[in-house]
Amino acid sequence: MDEDEADFGEKMVPVIIDTEEKCDLLFEAIKNEPIVSMDTEFVWSRSYYPLIGVIQIGVSPEKSYLFDAAKMNECPQSFKTFLENENIMKVCHDAYQDIQIINYYAKTTSKNIFDTQLAAAFMGYGRAISLSEMVEKICGKNLTKTQTLTNWLKRPLTDAQMEYALDDVRYLSECANFLIKRTKEKYVFEWILEDCQELSQISEPFSLTSAVARSYSRELQSVQFKNRKKLYRLCFAVENMARSKNLPRSFLFKPGQLAQIINCNPENQENLKKTSLSPKVIARYSEFILSSIRDENIPIDDELIEKSRYYQNKNAVQIGDMTKEIAVTLDKIAQDNEICSSTVYNRKQLTELVRQTLENKSPAVLHGWRNVFFGGVWNDFWAEKLK
């Protein structure tokens with residue numbers, strides 16, 4: 001057998017998948033595999049959207065492939081059908097970004113995702129174990145990571161690049177099988193699937209609404225509440241422009257500058273000179289800034305605006321104290337069960353639950369497996385505090 005091919009019975013599948021015909025051959029060969037691993041290599045430093053180089057597909061060390069997305073700008077239908085197949089579990093490590101990128105490339109929604117990093121957090125490996133560390137602990141294999149800074153768009157790929165990329169999926173299915181077995185024994189497998197189900201709902205990988213909300217949330221703390229609709233409109237307009245130009249938002253305005261703009265009373269263009277904007281940026285974008293903050297056609301997320309009152313909440317100190325106190329209890333329970341506590345709730349999520357509880361004077365409702373794991377202690381904690 002040629003070393004650049006893998007044997008699936010009578011089908012000889014090349015390692016490099018760079019044509020639609022080879023793609024069809026690969027996904028026909030693996031259509032009955034219960035578990036298939038995936039990873040991505042991309043360039044994402046000077047563009048709004050990622051420039052995808054390679055998508056790795058792996059069944060075993062001997063059956064691992066490099067799907068050349070840089071060479072195939074249009075996703076073949078056979079790859080899209082594979083992603084949509086709910087009978088095949090797609091395994092990724094730290095899955096969110098990979099699934100986001102793959103869904104963007106394929107213009108579809110991947111189904112039946114399993115995140116090995118998430119599963120490892122339920123087995124006492126910590127919240128963010130690296131792939132190489134996990135492979136070493138579970139499979140006893142050492143991955144050589146020497147191509148972390150490389151151009152995945154340049155062709156041909158070097159032997160070192162190919163080995164690096166293939167290593168990301170060679171042992172991932174073995175790790176997944178181990179973690180599935182162990183988490184089932186621990187009765188937390190369904191909990192992991194519950195969280196992974198959210199990954200199977202990334203239908204808009206780069207949602208404008210979500211991007212604007214993130215941008216707004218980063219800028220709002222230094223802006224008075226009465227001016228936050230203006231800030232939201234400006235965030236929306238800047239995000240939209242970045243997308244249309246396919247440039248990182250920071251290439252247009254640096255972090256913090258949108259808040260500076262709103263705070264300087266930008267209706268008077270002269271005031272823009274009080275910000276850290278360069279004269280060149282002011283000359284180029286002053287009209288854009290003014291028209292954006294006045295544009296009533298921009299859809300405002302009123303719920304997000306109202307929610308941002310939290311940053312002026314007179315109960316902020318109490319919220320912080322209560323969050324710290326309940327976090328100690330959560331950490332203890334999680335430690336006793338060898339589960340990373342941030343997998344249950346990170347500090348931001350816990351703070352929001354505490355805020356809701358204090359504002360409504362009733363314990364915030366926990367959902368799904370988190371209610372099973374933590375609901376009783378949560379309700380008991382507030383039974384005392386809300387007396």
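The values are calculated or read from the model by the stated rules, or taken from the named source; none is laboratory data. Small disclaimer: the values here were computed from a predicted structure and weren't measured. Cβ coordinates were reconstructed from backbone atoms using ideal geometry, including for glycine residues, and neighbour counts include every protein chain displayed.
Among the residues here, CYS235 does not qualify as closer than 30 Å to ALA176 by Cβ and part of a helix (DSSP H, G or I). Working only within region 326-346, note down all residues that are assigned to a helix (DSSP H, G or I) and surrounded by 13 or more Cβ atoms within 10 Å (Cβ to Cβ). Those that are assigned to a helix (DSSP H, G or I) and surrounded by 13 or more Cβ atoms within 10 Å (Cβ to Cβ): ILE326, ALA327, THR329, LEU330, ASP331, ILE333, ALA334, SER341, SER342, THR343, VAL344. Helices (runs of 4 or more DSSP H) fully within region 51-123 that include at least 2 residues being closer than 25 Å to GLU185 by Cβ: 116-121. Among residues of region 147-167 that are in the same structural domain as ILE52 (by TED's automatic domain parsing) and within 25 Å of SER60 (Cα to Cα), those with a Cβ under 7 angstrom from a residue that is aromatic (Phe, Trp, Tyr) and crowded, with 19+ Cβ neighbours inside 10 Å, sequence gap 6+ or separate chain, pair up as GLN147/TYR164; TRP152/PHE42.
Residues that are in a loop (DSSP other than H, G, I, E, B) and surrounded by 15 or more Cβ atoms within 10 Å (Cβ to Cβ) within region 154-185 comprise LEU157, TYR171, listed in sequence order. Considering region 347-387, and only residues there that are more than 23 Å from GLY126 (Cβ to Cβ) and of a type in the set (S, T, N, Q), the residue that is surrounded by the most Cβ atoms within 10 Å (Cβ to Cβ) turns out to be THR357.
Filtered by the rule that a residue be β-branched (Val, Ile, Thr) and either over 27 Å from CYS340 (Cβ atoms) or at pLDDT below 95 (or both), region 310-328 gives VAL317, ILE319.
This table checks each residue for (1) buried (at least 19 other Cβ atoms within 10 Å of the Cβ); (2) without any contact (Cβ under 8 Å) to a residue 40 or more places away in the chain.
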site	(1), (2)
ASP94	no, yes
ILE101	yes, no
ALA106	yes, yes
ILE113	yes, no
GLN117	yes, yes
ALA121	yes, no
GLY124	no, no
SER132	no, yes
LYS137	no, yes
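Residues in region 318-366 that are among the small types (Gly, Ala, Ser), within 19 Å of PHE189 (Cα to Cα) and out of contact with any helix residue (DSSP H, G or I) (no Cβ under 7 Å at 6 or more places or on another chain): SER342 only.
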